[in-house]
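Only one structure is covered here, and it is reproduced in the block below.
Computed from the coordinates by the stated procedures, all read-outs in this text should not be read as laboratory data. Computed from a prediction, not measured in an experiment: that's the story for all the values here. Cβ placement follows ideal geometry from the backbone for every residue including glycine, while neighbour counts extend to all protein chains displayed.
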Amino acid sequence: MVRRRAGEAIVLGDDIEIEVIEISRTRVKLGIRAPRTVTVLRRESAALAQENQSAACLLSAHPETVVDLIRLLGNSGSDFAKTTPAGADM
Amino acid sequence: MVMDRRLCLVSQHFGEVEWDPASELLLPSGLPGFEDERRMVAVEIPAQRPLVFLQSAERAEVCFVALPVRTIRPDYELTLGDEDRIALRIDEDALPELGADVLCLALLMPANGGVETNLAAPVVINLHNLRCVQSMGSGSPPRRYRLGDGRWVPVC
C-alpha cells in the first residue's frame with residue numbers, strides 16, 4: 001500500500017507514472033502517463049471488454065439463437081425508428 | 001446543388017447495407033474491447049423489431065445484436081455518470097428522457113445455450129447528436145438478465 005496526496009505520484013517501472021490529480025469526497029482523479037503500447041482500462045472496462053467480445057459473436061456463432069430470439073420477442077417495434085432521422089437501409 | 005452522398009458496406013451478416021452519413025453513430029471511445037470502432041450504423045429490420053443491430057461502419061464482420069432496455073425491464077431508469085455526459089454532450093443538470101433524448105440499448109450475448117444481457121452497461125445514444133457511449137454502472141441492480149420462456153429474468 002502506498003499513501004499519496006493530491007499532486008503526488010507513483011512510478012511503475014521506467015515509463016509509467018500515475019499522479020493523483022484531485023481528491024473529492026467520493027472520487028479520486030488520476031493522471032496516467034504511459035507508453036501508447038500500454039493499455040489502460042478501468043477494472044470494470046476490462047470485464048466489459050470480455051462481455052462485448054462475447055456479444056459480438058452472437059450473430060456469427062449463434063445465428064439460430066437470434067432466430068429464436070426474434071420468434072420469442074415478436075414484432076413490437078423499438079424507439080429508434082421513431083426518433084432517428086435516417087436509419088440504414090437494407 | 002448538394003449531392004446525396006450515401007455510404008455502403010457489405011456486411012457479413014446482412015449483405016449490402018447503405019446509409020446516410022448523417023445517421024451514423026459516433027462512438028468517441030469505441031466500446032470496451034472494440035476501442036477502434038468509432039463509427040457504427042443502427043440497422044433495423046422491420047420483421048425483426050424490436051431488435052437493433054449495431055453494425056460497424058468499417059468492419060463488415062463486427063455487428064452487435066441489441067434491444068432497447070425497456071423491452072427487457074420496463075421500469076429501467078438511466079443513470080449517467082459525469083464522463084458519460086461529457087462524451088454524449090449532455091449537460092450535467094439535464095434529465096434526458098429515454099426514447100426522446102436518448103436511446104439505451106442492451107447488448108445481447110450468448111451464455112449457457114441462451115441469451116443474456118448486462119443492463120448495467122447499455123449503449124447510450126444521444127438522439128440529438130448520435131454520439132454514443134457504453135455506460136457503466138447504469139440502472140439499478142440486478143444487472144444481468146437471461147431470456148427464458150419468452151421472458152427476461154434476472155440472474156444476478
### Query
So which residues in region B:24-46 are facing chain A (nearest Cβ under 9 Å), of a type in the set (A, V, I, L, M) and not in a loop (DSSP other than H, G, I, E, B), if there are any at all?
B:31, B:41, B:42, B:43
### Condition met for residue B:17 (more than 9 Å from chain A (Cβ to nearest Cβ), touching a residue at least 24 places away in the same chain (Cβ under 8 Å), under 24 Å from residue A:52 (Cα atoms) and not in a loop (DSSP other than H, G, I, E, B))
no
### Residue check, residue B:67 of a type outside the set (D, E, K, R), within 27 Å of residue A:46 (Cβ to Cβ), touching a residue at least 12 places away in the same chain (Cβ under 8 Å) and in contact with a strand residue (DSSP E or B) (Cβ under 7 Å, 6 or more places away or on another chain)
yes
#### Entry: Answer residue from region A:42-75, given it is at the interface with chain B (Cβ under 7 Å from one of its Cβ atoms) and in a loop (DSSP other than H, G, I, E, B) and is surrounded by the fewest Cβ atoms within 10 Å (Cβ to Cβ) among those
A:75
### Given (1) over 18 Å from residue A:54 (Cα atoms); (2) under 16 Å from the mean Cα position of the chain (by Cα), index of the condition residue B:66 fails
(1)
### Task
Kindly check whether there is at least one residue in region B:47-63 that is in a strand (DSSP E or B), farther than 30 Å from residue A:28 by Cβ, at the interface with chain A (Cβ under 7 Å from one of its Cβ atoms) and in contact with an Asp or Glu (Cβ under 7 Å, 6 or more places away or on another chain).
yes
### Query
Among the numbered criteria (1) more than 12 Å from chain A (Cβ to nearest Cβ); (2) within 21 Å of residue A:69 (Cα to Cα), which single criterion is violated by residue B:109?
(1)
### Task
Report yes if some residue within region B:46-56 is surrounded by fewer than 19 Cβ atoms within 10 Å (Cβ to Cβ) and in contact with a Lys or Arg (Cβ under 9 Å, 6 or more places away or on another chain); otherwise report no.
no
